[in-house]
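> Pasting in a structure now, in C-alpha cells, and then I'll have a few things to ask.
The values are calculated or read from the model by the stated rules, or taken from the named source; none is laboratory data. As the structure is a computational prediction, the values presented were derived from the model and not from experiment. FYI the Cβ positions are ideal-geometry reconstructions off the backbone, even for glycines, and counts take in every protein chain you see.
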Amino acid sequence: MSHRMQAWLLAAPATLLVFVFLGLPVLSTLAMTFADPKGPLASYAAFFNSGFRMTVLWRTMEVALTTTILSVGIGFVVAWVVARAPSRLKSLLIIAAVFPLLTGVVVRAFAWLVILGKNGILNSFLLWIGAITEPLSMLYTQGSVIVAMVYLFVPLMILTLVGVLEGIPQDLTDAAASLGATPAAAFRQVVLPMAVPGLIVGSVLVFTGSFTSYATPQLLGGERQMMMGTFLYQRAMVTFDWLGASTIAAVMVVVTLATVLLMSRLARKLNPVAG
Amino acid sequence: MKRKTHPALIAFTVLTFFFLLGPLVVILGSALSDTPFLTFPPQGLTLHWFQNIFEISAFTRTMGTSFMLAVGGTALSMLIGIPAAYALARYRVELPSFLGNVFVLPILIPEIVLGFSLMKSLASGLGTPIMATLLVGHALLVLPYCVRVVGASLNSFDFSIEEAAVSLGCPRWRAFFTVVLPNIRAGIIAGFILAFITSLNDVSISIFLTGPGVSTLPIQLLAHMEQFFDPTIAAVSVLLMGVTVAVMAVVERTLGLTFLTK
C-alpha cells in the first residue's frame, strides 16, 4: 500500500463526516434559497426588501460590531497588563480568564438575568442605597445584550492577545527607547504593528461569534431585540418557514465567510514579518 | 530596563476581572440565598435549591443525556479525529494542503446554521432518531478541537522514533499504539476535555435537534429560564461551574493552562 493510500485511509472517516454531515446539509440549505417557486432570487428579494428583516440584520451587525470594538479595547489593555505581570500572578490571572470562558453561555447569560432583572440584584442595590425609587427595566434592551456579549467574549480576547503580546520581546521596546522613541511612539511604531495579527484573529472570533449567537440574544434581548440567530430559530421552529430560515442562514454564512476572508487578507497585508 | 505598568492600566485590569468573575459569584449567591430573588443586602443561606435539582426530573434526566452525549460525541470524534490528525502530521507531502482546513469547517460555518441544516436534512428529511442526530451534530462540533489539539501534540512528536520501532520489526499498527499514542497522551486528554466541555455547553446545535422526550441540560435550562425565575437554575449553574473547575484542574495537570494562550 502506497503512502498516499495510507494517508487517505486514515483521514477518510473524519473527512467523510465533514462532507456528508456538514457539507451536504449546509449546501442543501443554501440550495433551497434558490428554489423559491417565485423565482431563483425571490427569497433574497423578499429578505432585502423587508423592513423588518433588514432591521434585524442591521441590529445584529451593530451589536456584533459594538461588542467587537469594546472587547478589543478592554481585552488589549488587560492582556497588556497580564503579559507583563510576574509569572505567578500571570498564571493566576489566566486561570481567572479561562474559568468564565469554559463556563457555558446559558449559565453566563443567566448571571446577567439575575443582575439586570426587575427584581435583580442591581435594582435591589440601587433601591437600597436610595439612588432610585422604582426598579429600572434594563433587560430586553440592546444595552443588556451588548453587556452580556462583551462579558462572553472579553476572556477570549484576553487569551488571544496575551499569547501575542508575550511574544513581543521587551528588547524591542527598549531598543526603540534607547534610540530616542517616547513610550507612546514605541508603542505605536513597535508594539502595535506586531500585535496586529492577534488583534485581527481576536476580532474575527468575536465578531463572527456575536453575529451568530443564539442563547445570549434570546435570554437578554427576547422578541424585542431579535438578532439573526434568534430570528433563524423563530422562522424555522415557530413559524416553520423553512425557506425564510434558509435565506437567513445563507446571509449568516456569507457575512461570516466574507469577514474571515477579508480580515485574513488584511492580516497578510499588515503583517510586518510575513510581508 | 524595566518600566512599571501605569497604575491606571492596573486599576482597569482589576475592574475587568471584577466584571468577569462578579457575575459568577452572583450565581453562587443566588443558589445559596433563601429568598427566591437575590436581594441586597443578602438574607439567609440555604441548600434547598440544590436539593430541588434532584426533585425536578427534567433536570436529572437531561443531565444524564448531556453527559452521555458529551462523552459519546467526543469519543466518536476522537476515534476518527486522531487518525486524521496523525495522517496530517505524518504524511504532509502525500495529502493536499486544503485537507487541514476541512476539519476547521465546523468552526467556520455558524453553529446555528449547522443545527438548522442537520434538523432539516437528517432529523426531518431522513427521519433519523433524535439521539443519533444529536450525536453526529456534537461529533462534528468538537472535531476541530480533537484534530487541532491532538495535531499540536503530533507536530512536536519526533516520527523517527516510530521509524526506529518499525525498522526493528515492529508492525506499523503496533508501533502506533505502543510508541506514538503514549507520546501524545497529554494532547489527547486535553483535547478530550476541551471537546467534552464544548459539547456539554452547546446550545446552538442542540436547540434544533432536541425533541419530544429528548433534551439536553442547557436546552432545558434555557426553556426553564424563559418561563419563570427559579433559583434551582442557579444551583444547576453552580454544579456546571464545578464541572468547569474539575476540567481546568485536569487541563492544568496535563498541558498547563498557558497552553490556551498559544
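> Within the set of pairs 6 or more residues apart or between chains, which connect a residue that is farther than 19 Å from A:Met252 by Cβ inside the range A:38-50 to a residue that is polar (S, T, N, Q) and at pLDDT below 90 with Cβ atoms less than 9 Å apart?
none
> Just to verify a result, which residue in the range B:1-38, among those that are in the same structural domain as B:Met241 (by TED's automatic domain parsing) and of a type in the set (S, T, N, Q), is farthest from B:Val245 (Cα to Cα)?
Among those that are in the same structural domain as B:Met241 (by TED's automatic domain parsing) and of a type in the set (S, T, N, Q), it is B:Thr35.
> Determine whether B:Val150 is surrounded by 20 or more Cβ atoms within 10 Å (Cβ to Cβ), within 14 Å of chain A (Cβ to nearest Cβ) and within 15 Å of B:Pro106 (Cβ to Cβ).
no
> Something else about it: A:Ser28: more than 25 Å from the chain's Cα centre (by Cα) and either loosely packed, with under 13 Cβ neighbours inside 10 Å or more than 11 Å from chain B (Cβ to nearest Cβ) (or both), yes or no?
no
> Which is part of a helix (DSSP H, G or I) and away from chain B (no Cβ under 14 Å), of A:Phe19, A:Phe34, A:Phe48, A:Phe76?
From the options A:Phe19, A:Phe34, A:Phe48, A:Phe76, the qualifying one is A:Phe48.
> Looking at (1) under 30 Å from A:Val164 (Cα atoms); (2) in contact (Cβ under 8 Å) with a residue 24 or more places away in the chain; (3) within 12 Å of another protein chain (Cβ to nearest Cβ); (4) touching a Phe, Trp or Tyr at 6+ places or on another chain (Cβ under 9 Å), which is the only condition A:Leu93 fails?
The single condition A:Leu93 does not satisfy is (2).
Per-residue answers, yes or no, for (1) away from every other protein chain (no Cβ under 14 Å); (2) surrounded by 14 or more Cβ atoms within 10 Å (Cβ to Cβ); (3) over 22 Å from the mean Cα position of the chain (by Cα); (4) in a loop (DSSP other than H, G, I, E, B):
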residue: B:Val26; (1), (2), (3), (4): no, yes, yes, no
residue: B:Leu38; (1), (2), (3), (4): no, yes, yes, yes
residue: B:Pro42; (1), (2), (3), (4): no, yes, yes, yes
residue: B:Trp49; (1), (2), (3), (4): no, yes, yes, no
residue: B:Asn52; (1), (2), (3), (4): yes, yes, yes, no
residue: B:Glu55; (1), (2), (3), (4): yes, no, yes, yes
residue: B:Phe59; (1), (2), (3), (4): no, yes, no, no
residue: B:Met63; (1), (2), (3), (4): no, yes, no, no
residue: B:Ser66; (1), (2), (3), (4): no, yes, no, no
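> Moving on to the next point. Give me the pairs, please: first residue somewhere in the range B:9-24 and without any contact (Cβ under 8 Å) to a residue 24 or more places away in the chain, second residue anywhere and exposed (fewer than 15 other Cβ atoms within 10 Å of the Cβ), beta-carbon distance under 6 Å, and either six or more positions apart or on two chains.
Matching pairs, first to second residue: none at all.
> Assigned to a helix (DSSP H, G or I), assigned by TED's automatic domain parsing to the domain that holds B:His48 and either in contact (Cβ under 8 Å) with a residue 24 or more places away in the chain or aromatic (Phe, Trp, Tyr) (or both), is that true of B:Val250?
Numbers: assigned to a helix (DSSP H, G or I): yes; assigned by TED's automatic domain parsing to the domain that holds B:His48: yes; either in contact (Cβ under 8 Å) with a residue 24 or more places away in the chain or aromatic (Phe, Trp, Tyr) (or both): yes.
So B:Val250 passes the test.
> A:Thr160 - would you say it is among the polar types (S, T, N, Q), within 20 Å of A:Ser71 (Cα to Cα) and assigned to a helix (DSSP H, G or I)?
yes
Here is a yes/no grid of residues against (1) assigned to a helix (DSSP H, G or I); (2) among the aliphatic types (A, V, I, L, M):
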site	(1), (2)
B:Thr128	no, no
B:Leu141	yes, yes
B:Val149	yes, yes
B:Ser153	yes, no
B:Ala164	yes, yes
B:Arg174	yes, no
B:Val180	yes, yes
B:Ala186	yes, yes
B:Ala195	yes, yes
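> Do we find that B:Ser124 is within 11 Å of another protein chain (Cβ to nearest Cβ) and assigned to a helix (DSSP H, G or I) in this structure?
Taking the combined requirement at face value, the residue satisfies it.
> Moving on. So, in the range B:120-138, how many residues would count as being closer than 22 Å to A:Ala31 by Cα, touching a residue at least 24 places away in the same chain (Cβ under 8 Å) and of a type outside the set (A, V, I, L, M)?
Qualifying residue count for the region: 2.
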